[in-house]
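Where a number appears in this text, it was derived from the coordinates with a stated rule and is not lab data. Note that the structure is a prediction, hence the values are computed from the model and not measured. We place every Cβ from the backbone using ideal geometry, glycine too, and count neighbours over all the protein chains shown.
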Amino acid sequence: LVWFGSQLWDLTAGKLLHEFKLHEGAVRAVEFHPTECLMASGSQDRRCRLWDMETFELVGTAGPDSMPVQAIAWDSSGDHIITATAAHVKVTCGVRKERES
């Protein structure tokens, strides 16, 4: 899988999987969850968004931050998202998608 602009491509199959259109600015960082089918994206719009990668639906949003998100990462447990701007690093708690029973 390759991220290009706001698009996720499967290069093996040679096809566009999804275009993520809900950010209002350029997407600067994406990171896949370590164990679940989730992806976090950080953008010039100062927000972090959480996506279900099975349905490509938006399942959570954090922010706005004080500055554009430059980098994003999950902690090793997948319970927190770490975002970085030019000025600071922030940890967002409780971002896991609700599990279906």
*Over the Cα atoms of the stretch 4-101, what Rg and Dmax result, in angstrom?*
13.1, 40
*Hey, can you grab everything whose amide H is under 5 Å from the amide H of Thr61? Only 5+ residues off in sequence or another chain; H modelled, so Pro and N-termini drop out.*
Leu50
*Unit charges at the beta carbon, dipole of the chain: most positive-side option, Thr55, Thr83, Met39*: Thr83
*Given H placed 1.01 Å from N in the peptide plane, which residues other than close sequence neighbours of Arg46 have an amide H under 5 Å from its amide H?*
Val69
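Can you check what the net charge comes to around Phe20, using other residues whose Cβ is under 15 Å from the Cβ of Phe20 (Lys, Arg +1; Asp, Glu -1)? Intermediate values should be presented prior to the final figure.
Details: positive: Lys21, Arg28, Arg47, Arg49; negative: Asp10, Glu19, Glu24, Glu31, Asp45, Asp52, Glu54, Glu57.
Within the 15 Å Cβ shell, the charges total -4.
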*Trp3 paired with Glu57, simple spin-label distance in nm, labels 7 Å along Cα-to-beta-carbon*: 2.2
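Roughly how big is the chain's charge dipole about its Cα centre, with Cβ charges of +1 (Lys, Arg) and -1 (Asp, Glu), in debye to the nearest 20? All intermediate terms of the calculation are to be shown ahead of the outcome.
Numbers: 10 positive and 14 negative charges, 58 e Å.
Charge dipole of the chain: 280 debye, to the nearest 20.
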*Per residue of the stretch 25-30, in order, report the coupling 6.51 cos²θ - 1.76 cosθ + 1.60 (Karplus, θ = phi - 60°) as ³J(HN,Hα) in whole Hz, putting x for Gly and Pro.*
x, 4, 6, 9, 7, 9
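Let me check I've understood the local charge: for Gly42, count other residues with C-beta under 10 angstrom from its C-beta, Lys and Arg +1, Asp and Glu -1. What total comes out? Don't skip to the answer; put the middle values down first.
Numbers: positive: Arg28, Arg46, Arg47, Arg49; negative: Glu31, Asp45, Asp65.
Here the charged neighbours net out to +1.
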